[in-house]
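Peer 1: For reference, the structure I am asking about is given below.
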Amino acid sequence: MATVKSMRLIIPLAIVQIVFLIIFGIKIEYHETAKPVDTVKPSIVGGLYPSFQDVHVMIYIGFGFLMTFLKRYGYSAVSINLLLASFCAQWAIIVRAAISGNWTVGVMEMLTADFAAATILISFGAVLGKTGPLQLLIMACIEIVLAQVNEHIGVHILHTADVGESMFIHAFGAYFGLAVARVLYSEDIERASGKEGAVYHSDLFSMIGTVFLWLYWPSFNGGAVEGDQQHRAFINTYLSLLACTVTTFIVSSLVDKRGKFDMVHIQNATLAGGVAVGTSAHMPIQPWGAMLLGTTAGIISVLGYKYLTPLMASKLRIHDTCGVNNLHGMPGILAAIGGAVAAAMSSKETWGDSLYSIFTAMEPTMMNTTMTTNAMTANVTEVMGRSAMEQGGYQMAALCLTLAIAIVGGVITGFILKIPFLDNPTGDLLFDDTDQWNIADEGFPNSGELPLNGKSGDGKSRDDTQM
Amino acid sequence: MATVKSMRLIIPLAIVQIVFLIIFGIKIEYHETAKPVDTVKPSIVGGLYPSFQDVHVMIYIGFGFLMTFLKRYGYSAVSINLLLASFCAQWAIIVRAAISGNWTVGVMEMLTADFAAATILISFGAVLGKTGPLQLLIMACIEIVLAQVNEHIGVHILHTADVGESMFIHAFGAYFGLAVARVLYSEDIERASGKEGAVYHSDLFSMIGTVFLWLYWPSFNGGAVEGDQQHRAFINTYLSLLACTVTTFIVSSLVDKRGKFDMVHIQNATLAGGVAVGTSAHMPIQPWGAMLLGTTAGIISVLGYKYLTPLMASKLRIHDTCGVNNLHGMPGILAAIGGAVAAAMSSKETWGDSLYSIFTAMEPTMMNTTMTTNAMTANVTEVMGRSAMEQGGYQMAALCLTLAIAIVGGVITGFILKIPFLDNPTGDLLFDDTDQWNIADEGFPNSGELPLNGKSGDGKSRDDTQM
Amino acid sequence: MATVKSMRLIIPLAIVQIVFLIIFGIKIEYHETAKPVDTVKPSIVGGLYPSFQDVHVMIYIGFGFLMTFLKRYGYSAVSINLLLASFCAQWAIIVRAAISGNWTVGVMEMLTADFAAATILISFGAVLGKTGPLQLLIMACIEIVLAQVNEHIGVHILHTADVGESMFIHAFGAYFGLAVARVLYSEDIERASGKEGAVYHSDLFSMIGTVFLWLYWPSFNGGAVEGDQQHRAFINTYLSLLACTVTTFIVSSLVDKRGKFDMVHIQNATLAGGVAVGTSAHMPIQPWGAMLLGTTAGIISVLGYKYLTPLMASKLRIHDTCGVNNLHGMPGILAAIGGAVAAAMSSKETWGDSLYSIFTAMEPTMMNTTMTTNAMTANVTEVMGRSAMEQGGYQMAALCLTLAIAIVGGVITGFILKIPFLDNPTGDLLFDDTDQWNIADEGFPNSGELPLNGKSGDGKSRDDTQM
């Protein structure tokens, strides 16, 4: 039977899972098209379900394997990812239902639950190897609520567009996670840097995650929309990723003193193009516009891994295990700016009625106060909605709100996670599966020569340790 | 040129493959919608093909990689899985055509062929590492026939519902395989237990299989139905898996003396929720009902791995390499019971006409003996079909029949596989690729320290061998 | 900052990527259905996008991981594959637009861009480990143009059918790559053969690529067509692969002196069935016809790996790292012959009007010279299009043209790649990631016992080095 320490995880997790079950039992119904009907009707799931499955692969294979790069943290990366996402998806269905008042579940809710889980998995990347499962589950409980509230304000109150949720998921998840990481910083983390690197095959496992994320990103950005918006989202995301990938290789070689490539850059910065086009993917930003966003994201992201991440760790004491600032944070901000610029430059002439389906608040509305008396002679006044510039301003406002809620929420959450009886790993247990797992026979690969406790390497730059 | 021993595999396999080719040549035609037509018409494959591909990934990546956990049996796991499934799919198309009398092949037949292969791959899990390819192919020849006959009786004679085939595939495959494993049991297997464990990276390869199975399970349970039934199957399976996954982590930690997680549980028990909801996934069992099935499956499955599997090996001499009893067997029985209970509680009031499309035998039928004479004055008698309780009874009857055919068929097959000139591995060749494969340079990973021949560990519980 | 040597890659690559961006900016527009419209209309992407995603997985996961089998070249295999394909996709969109005059991009263009990338990745397989990134990018620049011109001639001038592009992609890519490999041959390659093999886990990484290629091959062959042609393409490809897989195991065991299987055969020859049916997959060749092609391909491919590849290296000085001649070359020729035979045997009676939608040049055409005067009394002459035999001849002509352009183009490209200041790896840098990559901690797996510089093994046949 488990130890007292482990009961601190088991008991609250069991209670929460039972509460989930009860809430589902009392409140959640099937979506209208999933209820039993008199005759078998065509399901609405047709087009949506394949997109859901693509995103599903990104969340569980993509994020899970991307994080297996750590030489001694592969079990946790892929397994805790599975636990965390499964937990978040249930909680997100409840929280979203509570906010919207629509207590149903269908394929669309499964897709948005997976999206919601992504937010937390991005934060997980920032604190990878430095938090226990209980800490992560508490973080998830809080973050899901804040992220969903933020998204609700952004979409339904500020009326902003963010089709691939680069603001509401990527930037939010990254800065929330970094704020938590700042609060949880300890000297032990520096000392454990010898365990922070990869081994040859863990880098290949990580590439499974990278490539699946890369492949299905068009579905992430376009899965929830339809028609020409969806078609554009697929095209723009595809082109942005192509340009970003080539750029990543260029810059990775450029910043290395021997001109070599670095797997960390390939594993992560190649994906920044998907984030950077996420806000504007469904807008007619033109193919070259998508490629420009991707190119910029590739440059920013590699430079971030090379120069900013070490600096943030040493100067700001923000230790970012997976470099989420470079993959999700800065590219998320770039996406938001791209979306705001596109909004500010939009017009009815070039966008057609697409303008109003993308930016609903720009739609001209009728003053229909006097319309009821006599339609023929009514004093109809056409009231323009927001101007393009105003919409651009609202887009930036949504970004600022997102950053504010993420950072403040992350700091507060970080302090909550420091409550002593939680399962915060320290010393030898950092970046190490042995804290939570029974390890398979023969221990870790190549373990004979493992540079433990920071005696060699720093795990971030391989420039100096390898020929 | 190959040895005499290997010719015992090559010659029969070549003959059977030629026979397959001849039977296809004589009998099998394209499905109606795949025949050349006068004008290009929309294909019926639209909605079905993506579901087929999801299941296709489950069969070949999912099952194949799930079984790579053994440290020295990875080649066989993924490759013999490929051979076996390719062989079974052809045989299943023929056997199903012979039973139904409909000798055509189309995407639907590809899907059901993949389903049929799954049955044999589950049995493969029970005997993994303890059987040669010839034995497995003989097993497949017999098991495909028995499983298809059983399914035909269940669906077309007993008129039972089992949308994700938790009875006809999972329970059947598991208990057939366990019966074979019982007959093939030998003392050598105990002695070889040192090879039965994983190494660190083989556990990660295995997780590729786990996660893809987990992801696409909704397509497995809902791929072959349409409309609201399909939508419910997707939702119920998704929710069941979420609840099952969280539960698996809870119970895995709970039963460990140090409160740690065990990769064996994560790799397998997280999937039990997909099995447990398989019979009733398309029924309106409500979201909480699906989650309750998933939760129960997670508990049963982890407890099975922890306590039942070692007991079955030591007391009953049933050695279950992959623990298929815990992943497919007991959850399959749970699914059958769940389906029977749902059937018994079903009613026209709450299920609408869905009731009759799910349980066809419950549909009221007209006595039309006297209808031909004069429709206006006919003595029409409405005869009710089965009652809900009766349908529940038939569901349980289908389970019992499945278990009976599986166990009896498995025992007989086991004795056939013991015929001496077959390729039954013994001693050092158990759980070892060297029996069938030319091994790559440098042999097995970490092989220097490999605890061979049971000198250490037992490969099932890592509690005592790891810090 | 990077070295002078690396600048030789960085500067031209950066320039080309900027040129791509400019060309896209000036010329490329969204496809008609992706332009902003007045009302949201159903997108045409519905059925096409899932097929695109399947092919997308094949290109980036399939080819990328298939080539990770080399023990010290895994980073390059999966990462340079990503770079090369991303580069080729952009270039292919431009080249195809220039040839067709249709400067738009949509999901169909994304699919054909991925197809175009496949051609270059096949050639990459022939020169894997023996070329630097700059050489590969130059090769890609030339090969994309030649391959697209060849395909354009084949489809639009010779009016041939090649639905899965077994001629235009597989045969072209293979023989182009082999011609390059012949020109680049050096004695160093023989000496480096100790690095050419796999290690146990690199073989498993490779199987990820194999199985995903195998699974999604029906989408490759049928993704771009519709209706009954698509349905047949799915069925024929599926059946061909099943038969090919079983055959591969038979022949692999047959040609081994101990009767064991060889992972090289399983990783590659199992896929030859997908290539072999590629030209005729949409034709009504009957299920048994598809299986016969698959069976033949499996035999040819394994025999090629066993006997032809070593012979080509020693006698012809054509060193084929991945054995693309066996997987893409010979099966591609087989596919072309299969297509020609099917064409020669086709008739209006058995194929219906499908005949004319598959072979457009066979359609009877009206002499409408006199039709304009008076339709009622017009001297309408029905002029038959090509006969079946003629179409068969044209199919063979397309194959010959493909081989000619591929081989001549490859030889010329090979000489271009020998320009001294390019990044041609030699000596210890052959088949080794250290040339281009910063390697993770602890270097390569099992590196202590690595047989460097050809001191042991030959990497191709494991017969003699392993028990």
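Peer 1: When only residues in the stretch C:312-335 that are small (Gly, Ala, Ser) and open to solvent by 10 Å² or more (accessible area, probe 1.4 Å) count, which is farthest from the other protein chains (Cβ to nearest Cβ)?
Peer 2: C:Ser314
Peer 1: How about the stretch C:243-295: which of its residues are modelled with pLDDT under 95 and either more than 9 Å from chain B (Cβ to nearest Cβ) or buried (at least 24 other Cβ atoms within 10 Å of the Cβ) (or both)?
Peer 2: Once the filter is applied, which keeps residues that are modelled with pLDDT under 95 and either more than 9 Å from chain B (Cβ to nearest Cβ) or buried (at least 24 other Cβ atoms within 10 Å of the Cβ) (or both), the stretch C:243-295 yields nothing.
Peer 1: Within 30 Å of B:Ile94 (Cβ to Cβ), within 14 Å of chain A (Cβ to nearest Cβ) and open to solvent by 10 Å² or more (accessible area, probe 1.4 Å): which single residue out of B:Val155, B:Val183, B:Val145, B:Val163 fits that description?
Peer 2: B:Val163
Peer 1: Conditions: (1) more than 8 Å from every other protein chain (Cβ to nearest Cβ); (2) in contact with an Asp or Glu (Cβ under 7 Å, 6 or more places away or on another chain). C:Lys27 meets all but one. Number of the miss?
Peer 2: Going through the list (1) more than 8 Å from every other protein chain (Cβ to nearest Cβ); (2) in contact with an Asp or Glu (Cβ under 7 Å, 6 or more places away or on another chain), C:Lys27 breaks only (2).
Peer 1: Go through (1) touching a Leu at 6+ places or on another chain (Cβ under 9 Å); (2) surrounded by fewer than 24 Cβ atoms within 10 Å (Cβ to Cβ); (3) polar (S, T, N, Q) one by one and return the number of the condition A:Asn236 breaks.
Peer 2: Status for A:Asn236: all satisfied but (2).
Peer 1: Can you name every residue in the stretch C:412-430 that is in contact (Cβ under 8 Å) with a residue 60 or more places away in the chain, assigned to a loop (DSSP other than H, G, I, E, B) and not acidic (Asp, Glu)?
Peer 2: C:Lys418, C:Phe421, C:Leu422, C:Asn424, C:Pro425, C:Thr426, C:Leu430
Peer 1: Pick from C:Gly409, C:Gly443, C:Gly392, C:Gly448: which is assigned to a helix (DSSP H, G or I) and modelled with pLDDT under 90?
Peer 2: From the options C:Gly409, C:Gly443, C:Gly392, C:Gly448, the qualifying one is C:Gly448.
Peer 1: Within the group B:Val4, B:Val19, B:Val55, which residue is out of contact with any helix residue (DSSP H, G or I) (no Cβ under 8 Å at 6 or more places or on another chain) and at pLDDT 85 or above?
Peer 2: B:Val19
Peer 1: Can you name the condition, by its number, that B:Val163 falls short on among (1) closer than 30 Å to B:Leu9 by Cα; (2) β-branched (Val, Ile, Thr); (3) not in a helix (DSSP H, G or I)?
Peer 2: Only one criterion in (1) closer than 30 Å to B:Leu9 by Cα; (2) β-branched (Val, Ile, Thr); (3) not in a helix (DSSP H, G or I) is unmet by B:Val163, namely (1).
Peer 1: On to the next question. For A:Trp103, which of the numbered conditions (1) under 24 Å from the mean Cα position of the chain (by Cα); (2) surrounded by fewer than 24 Cβ atoms within 10 Å (Cβ to Cβ); (3) at pLDDT 95 or above fails to hold?
Peer 2: It is condition (1) that A:Trp103 fails.
Peer 1: If you take the residues in the stretch B:39-51 that are in a helix (DSSP H, G or I) and either more than 7 Å from every other protein chain (Cβ to nearest Cβ) or open to solvent by less than 10 Å² (accessible area, probe 1.4 Å) (or both), which one is modelled with the highest pLDDT?
Peer 2: Within the stretch B:39-51, the match that is modelled with the highest pLDDT is B:Ser51.
Peer 1: Any chance you could count how many residues in the stretch B:88-112 are facing another protein chain (nearest Cβ under 9 Å), part of a helix (DSSP H, G or I) and touching a residue at least 60 places away in the same chain (Cβ under 8 Å)?
Peer 2: 4
Peer 1: For the subset of the stretch A:7-21 comprising residues that are farther than 16 Å from A:Leu83 by Cα and within 8 Å of chain B (Cβ to nearest Cβ), which member is surrounded by the fewest Cβ atoms within 10 Å (Cβ to Cβ)?
Peer 2: The extreme case among them is A:Met7.
Peer 1: Return the pair list, or none, for Cβ contacts closer than 8 Å from residues in the stretch C:52-73 that are facing another protein chain (nearest Cβ under 8 Å) to residues that are in a helix (DSSP H, G or I) and open to solvent by 10 Å² or more (accessible area, probe 1.4 Å), at least 6 apart or on different chains.
Peer 2: Close Cβ pairs satisfying both conditions: C:Gln53/A:Pro50; C:Gln53/A:Asp54.
Peer 1: Follow-up question, since we're still on this one. Report, by residue number, each residue of the stretch B:53-70 that is assigned to a helix (DSSP H, G or I), hydrophobic (A, V, I, L, M, F, W, C) and over 14 Å from A:Val57 (Cβ atoms).
Peer 2: Result: B:Val55, B:Ile59, B:Phe63, B:Phe65, B:Leu66, B:Met67, B:Phe69.
Peer 1: If you check B:Val225 against the conditions, is it modelled with pLDDT under 95, of a type in the set (A, V, I, L, M) and open to solvent by 10 Å² or more (accessible area, probe 1.4 Å)?
Peer 2: Against the criterion (modelled with pLDDT under 95, of a type in the set (A, V, I, L, M) and open to solvent by 10 Å² or more (accessible area, probe 1.4 Å)), B:Val225 qualifies.
Peer 1: Now, a different point. If a residue must be touching a residue at least 24 places away in the same chain (Cβ under 8 Å) and either of a type in the set (S, T, N, Q) or touching a helix residue (DSSP H, G or I) at 6+ places or on another chain (Cβ under 6 Å) (or both), how many such residues does the stretch B:285-325 contain?
Peer 2: Residues that pass the stated criteria total 25.
Peer 1: Turning to a different aspect of this structure: Could you list, in sequence order, all residues of the stretch C:313-337 that are closer than 19 Å to C:Gln267 by Cβ and more than 12 Å from the chain's Cα centre (by Cα)?
Peer 2: C:Ala313, C:His319, C:Asp320, C:Thr321, C:Cys322, C:Gly323, C:Asn326, C:Met330
Peer 1: Could you list, in sequence order, all residues of the stretch A:326-364 that are acidic (Asp, Glu) and out of contact with any helix residue (DSSP H, G or I) (no Cβ under 8 Å at 6 or more places or on another chain)?
Peer 2: If the condition is that a residue be acidic (Asp, Glu) and out of contact with any helix residue (DSSP H, G or I) (no Cβ under 8 Å at 6 or more places or on another chain), then A:Glu349, A:Asp353 are the ones that fit.
Peer 1: Among the residues of the stretch C:186-219, which ones are more than 9 Å from chain B (Cβ to nearest Cβ) and touching a Phe, Trp or Tyr at 6+ places or on another chain (Cβ under 8 Å)?
Peer 2: Of everything in the stretch C:186-219, those that are more than 9 Å from chain B (Cβ to nearest Cβ) and touching a Phe, Trp or Tyr at 6+ places or on another chain (Cβ under 8 Å) turn out to be C:Ala192, C:Lys195, C:Glu196, C:Ser206, C:Gly209, C:Leu213.
Peer 1: Another question, then. Looking only at the stretch C:336-354, decide whether some residue is surrounded by 20 or more Cβ atoms within 10 Å (Cβ to Cβ) and modelled with pLDDT under 95.
Peer 2: yes
Peer 1: Here's another thing I want to ask about it. Return yes when B:Thr295 is over 18 Å from B:Ile333 (Cα atoms) and either outside any helix (DSSP H, G or I) or among the β-branched types (Val, Ile, Thr) (or both) and no when it is not.
Peer 2: When the stated conditions are applied, B:Thr295 does not pass them.
The values are calculated or read from the model by the stated rules, or taken from the named source; none is laboratory data. Note that the structure is predicted; figures quoted are calculated from it, not measured. We place every Cβ from the backbone using ideal geometry, glycine too, and count neighbours over all the protein chains shown. Accessible surface is based on the protein model in full, side chains and every heavy atom, while ligands, DNA and RNA are left aside. Shrake-Rupley method; radii C 1.70, N 1.55, O 1.52, S 1.80 Å.
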